[in-house]
Amino acid sequence: MHSTGQAGRFRTNLVYVGFLTLLSFLIYSEIFTYTTFGPETAMFYYETDSHPFGLMLRSYTYFQLSWYRPTSFGLPYWVIQQFVGWHNLFAWKFIHFWTVLAAAYAIYWLVVSCLGGTRMAGLLSATYFIAQPSLYAAVMEVAGFDFLHILLTVLSVGLYIQGTRAGTRRCVLLTFAAWVLFVIAITAKEMALATPGYLLTAGALLGWFGRGTVPPGRHLRREALRLIPFFSMLVVYYFVHTARIPAGTFRSCRRGSAR
C-alpha cells in the first residue's frame with residue numbers, strides 16, 4: 001500500500017512538472033527561432049576554446065579577481081563545447097534553457113517536498129519564477145548559465161530543511177550535503193552568500209512552530225550547531241576572495257563604463 005501511494009504521488013507530481021515544462025517551452029519558444037546569441041558565448045569561446053581541463057580547474061585558484069565565479073563563468077562552456085560545436089546556436093540555447101528549467105523544478109520540489117506546500121503552490125511558485133519578464137533578458141541576452149547558483153542554492157536550502165525534521169544521523173548527512181551545495185553555489189555567484197541568513201530564519205521558524213522532531217529549545221541549539229559551517233564560509237569567503245580584490249577595482253570599472 002505504501003509503495004502504491006508513493007507511485008501515485010510520483011505520477012501526480014509528474015503531471016505538474018510536465019505542465020510546467022510545456023508552459024515554459026511555450027513561453028520561450030521564440031528563443032529557438034532567432035539566430036543571435038548573448039555576449040558571454042563569444043567571450044567564453046575566447047576564454048575556453050582548446051584550453052586543457054587543468055587550466056579550467058586552475059580558475060578556482062584565481063581569488064584576487066573582481067568576480068569569483070569559476071563554476072558558472074568558464075567551466076560549463078568548456079564542458080559543453082566538448083560535445084556541441086560553438087556554431088550550433090540551437091543546442092546552446094537548448095542547454096541554457098534547461099538550466100533555467102532545472103531551477104524551476106528545484107523550486108517546485110522545495111515548496112512541495114520541503115516546505116509542505118500543495119502541488120498547486122509548487123506549480124505557481126515555479127511558474128512565477130519561469131514567467132517573470134526579467135528572466136528573458138537574463139537567459140538570452142546576458143548570461144546563459146546565470147541560473148546555476150539558483151539551482152544549487154534551492155537544493156541546498158531544501159536539503160537543510162529536510163534535515164531539520166530528520167533524526168540525528170540523517171540530519172548530519174543532509175546538513176553536510178546542503179553545505180557542499182552551498183559552497184559550490186558561492187563559486188557560481190556571490191548572491192548565494194545570503195543563504196545562511198535564510199537558513200537561520202527558516203530554522204528558527206520551524207523551531208518556533210514546533211515542526212521538528214525535537215523540543216523547541218533543543219531544536220534551536222541543534223540548528224545553531226548546524227549553521228556554524230555555513231556562517232564560517234562567509235568568513236572564509238571574505239578573507240580568501242573579497243579581501244584580496246585590489247582597491248579601486250570596481251571604481252575603475254564604473255569609470256570605464258561611464259566613458
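Values quoted throughout were computed directly from the atomic coordinates according to the rules given, and no laboratory measurement underlies them. What you are looking at is a predicted structure, and each value in this text was computed from that prediction instead of being measured. Ideal geometry is used to build each Cβ from the backbone, glycine not excepted, and the neighbour counts take in all protein chains shown.
The table that follows gives values for the structure above.
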quantity	calculated
About the Cα centre, charge dipole magnitude for the chain (Lys/Arg +1, Asp/Glu -1 at Cβ), debye	960
Square roots of five times the Cα gyration tensor eigenvalues for segment 1-72, Å	40, 23, 11
Packing-based ranking, highest mean first, of 172-182, 157-167 given that Cβ atoms within 10 Å are counted	157-167, 172-182
Pairwise label distance in nanometres, residue 169 with residue 88, each label 7 Å out on the Cα-Cβ vector	4.5
Likely footprinting exposure, 77, 237, fewest C-beta neighbours within 10 Å first	237, 77
Proxy reagent accessibility, fewest Cβ within 10 Å first, across 83, 129, 25	83, 25, 129
Dipole axis of the chain (+1 Lys, Arg; -1 Asp, Glu on Cβ), positive-most option in 51, 94, 145	145
√(5λ) per eigenvalue of the Cα gyration tensor, segment 50-129, largest first, Å	33, 18, 9
The chain: translational diffusion in µm²/s, Stokes-Einstein, Kirkwood Rh over Cα pairs, 37 °C, 0.692 mPa s	160
Charge-dipole axis of the chain as Lys and Arg at +1 and Asp and Glu at -1 on Cβ define it, positive-most pick from 73, 196, 21	196
Full-stretch length increase - residue 220, residue 34 - with 0.36 nm per residue and alpha-carbon distance subtracted	61.7 nm
